[in-house]
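As structure tokens, the structure follows; a few thoughts come after it.
The values are calculated or read from the model by the stated rules, or taken from the named source; none is laboratory data. Fair warning: this is a prediction, and the values are worked out from it, not measured in the lab. Cβ placement follows ideal geometry from the backbone for every residue including glycine, while neighbour counts extend to all protein chains displayed.
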Amino acid sequence: MTPVEVIRGDGPIVLGLPHTGTWLPDGVRDRLNTRGLGLADTDWHVERLYHGLLQGATMVRATFHRYVIDANRDPAGQSLYPGLNTTGLVPLTDFDGEDIWNAPPTEAEIGARVETYHAAYHAALQAELERVRALHGVAILYDCHSIRSRIPFLFDGALPDLNIGTNHGVTCHRAIETAVYGLCLADDRYSTVLNGRFKGGWTTRHYGRPNENIHAIQMELAQSTYLAAEAPPWDYDSTAADSLRPLLARMLGRLAHLALNGDLT
């Protein structure tokens with residue numbers, strides 16, 4: 001299996017999906033313990049949730065699981081949230097702080113995974129952002145994520161339904177942040193927060209360079225908004241998802257409008 005799938009569009013929006021993959025290459029699966037093999041920290045069905053929401057959108061998707069290597073972490077291993085519980089470049093625990101390996105990878109093996117998987121995903125993402133910027137003069141990376149709404153190891157209480165991350169406005173033009181946050185606030189079915197527990201991962205922070213006409217914003221969805229239950233077998237709830245998808249489509253459509261009408265340059 002190739003480490004990255006790309007669906008190329010001709011519009012200004014690039015969807016990044018670093019955590020939907022479930023592929024475990026040879027030599028990884030047999031070293032995970034039973035808990036690790038459950039792949040609980042997957043962004044379940046996010047590719048299905050976003051499919052077809054915006055005509056012309058490009059999608060870049062990692063096919064490998066985040067336990068192989070996390071494509072949304074700094075390849076140098078620096079923490080995104082110093083002082084807070086989180087998982088690393090190659091997670092040693094799951095989001096509940098429980099061990100996932102019978103035999104954790106060595107530093108040499110982690111380095112090899114950076115080259116084989118992490119670098120491949122980001123080479124594809126970089127290429128698509130540059131291609132889109134060449135077409136339109138601007139590109140917007142919308143980084144797609146989801147997570148269980150209650151994970152005491154990572155945060156207190158229940159996570160809001162819609163978690164927007166722009167690293168406090170650094171990674172995108174203010175109009176992008178305002179548009180997405182405003183649309184979320186206008187839909188009173190869902191709770192929302194801007195730059196709360198999740199302020200944008202390494203991908204958002206790395207690519208978000210408004211002065212170079214590449215903007216980035218992260219959307220972390222609580223999985224309760226579109227899954228039947230936040231537990232195995234992680235079934236997609238079509239009724240809940242079909243209620244959420246129009247809001248996501250409005251966000252993407254608004255961002256495309258901003259880009260195509262010169263509001264970001």
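Observations, loosely collected:
- No other residue among Gly27, Gly21 is modelled with pLDDT under 95, assigned to a loop (DSSP other than H, G, I, E, B) and either loosely packed, with under 15 Cβ neighbours inside 10 Å or in contact with a Phe, Trp or Tyr (Cβ under 8 Å, 6 or more places away or on another chain) (or both) apart from Gly27.
- Some residue of segment 127-150 being in a helix (DSSP H, G or I), hydrophobic (A, V, I, L, M, F, W, C), free of Cβ contacts under 8 Å to residues at least 12 places away in the same chain and within 30 Å of Gly27 (Cα to Cα): yes
- Entry remark, segment 250-263: residues being assigned to a helix (DSSP H, G or I) and in contact with a helix residue (DSSP H, G or I) (Cβ under 9 Å, 6 or more places away or on another chain) number 9 in total.
- Unique residue being of a type in the set (A, V, I, L, M) and touching a Leu at 6+ places or on another chain (Cβ under 6 Å) when the list is Val68, Val60: Val60
- In this structure, Thr116 does not qualify as among the polar types (S, T, N, Q), part of a loop (DSSP other than H, G, I, E, B) and in contact (Cβ under 8 Å) with a residue 12 or more places away in the chain.
For (1) closer than 17 Å to Ala124 by Cα; (2) aliphatic (A, V, I, L, M), each residue gets a yes or a no:
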site: Val4; (1), (2): yes, yes
site: His19; (1), (2): yes, no
site: Asp43; (1), (2): no, no
site: Arg61; (1), (2): yes, no
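- Checklist (1) under 15 Å from Asp41 (Cα atoms); (2) buried (at least 21 other Cβ atoms within 10 Å of the Cβ); (3) touching a Leu at 6+ places or on another chain (Cβ under 7 Å) applied to Leu89, failing item: (3)
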